[in-house]
Amino acid sequence: MTINQRCCISCRRLADKSEFWRVVRLHNREISINYGMGRSAYVCQTEKCLLVAEKKDRLSRSLKTAVPKDLYQTLKKTLMTDQSEISASVYKEH
Ligand SMILES: [Zn+2]
């Protein structure tokens, strides 16, 4: 595992971190996608891994905070649209 490799929270695949969505718990406990510093969880940019993460609540477990359903919805939408749109998304906890 090199310094730029990360592990998907759903399928445990190892790959370069650029291949994943990075979901970040910011220091103020807000959740962001691909933005900011804080505890991070990585998930493949695929519907399959997103669904597993949602069903098993993997992101919440990994980040040790409740991840809003909206976040999963946003990621699902980006599978069909322009990925750059999510870069500045920030989610409040509840
Ligand atoms: Zn995966």
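The values are calculated or read from the model by the stated rules, or taken from the named source; none is laboratory data. From a predicted model like this one, the values you see are computed outputs, not experimental measurements. Methodologically, a virtual Cβ is constructed for each residue, glycine included, from the backbone with ideal geometry; neighbour enumeration extends over all protein chains shown.
With respect to Leu71, is the statement that it is within 16 Å of the ligand (Cβ to nearest atom), part of a helix (DSSP H, G or I) and either free of Cβ contacts under 8 Å to residues at least 40 places away in the same chain or among the hydrophobic types (A, V, I, L, M, F, W, C) (or both) true? Answer is no for this residue.
From Lys69, Lys55, grab the single residue that is among the charged types (D, E, K, R) and modelled with pLDDT of 95 or more. Result: Lys55 is the single residue among Lys69, Lys55 that is among the charged types (D, E, K, R) and modelled with pLDDT of 95 or more.
Restricting attention to region 22-52, the residues that are near the ligand (Cβ under 9 Å from one of its atoms) and either of a type in the set (Phe, Trp, Tyr) or more than 18 Å from Leu79 (Cβ to Cβ) (or both) total 1.
Here's the yes/no breakdown for (1) buried (at least 19 other Cβ atoms within 10 Å of the Cβ); (2) in contact (Cβ under 8 Å) with a residue 40 or more places away in the chain; (3) of a type in the set (A, V, I, L, M, F, W, C):
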| position | (1), (2), (3) |
| --- | --- |
| Arg29 | no, yes, no |
| Ile33 | yes, yes, yes |
| Arg39 | no, no, no |
| Thr46 | no, no, no |
| Leu50 | yes, yes, yes |
| Asp57 | no, no, no |
| Ser62 | no, yes, no |
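Of all residues in region 4-19, which are more than 8 Å from the ligand (Cβ to nearest atom) and touching a helix residue (DSSP H, G or I) at 6+ places or on another chain (Cβ under 9 Å)? If you could, list the steps in order and put the result at the bottom.
Here is the first cut: in region 4-19, the ones more than 8 Å from the ligand (Cβ to nearest atom) are 4-7, 14-19.
Within region 4-19, Asn4, Gln5, Arg6 meet the criteria.
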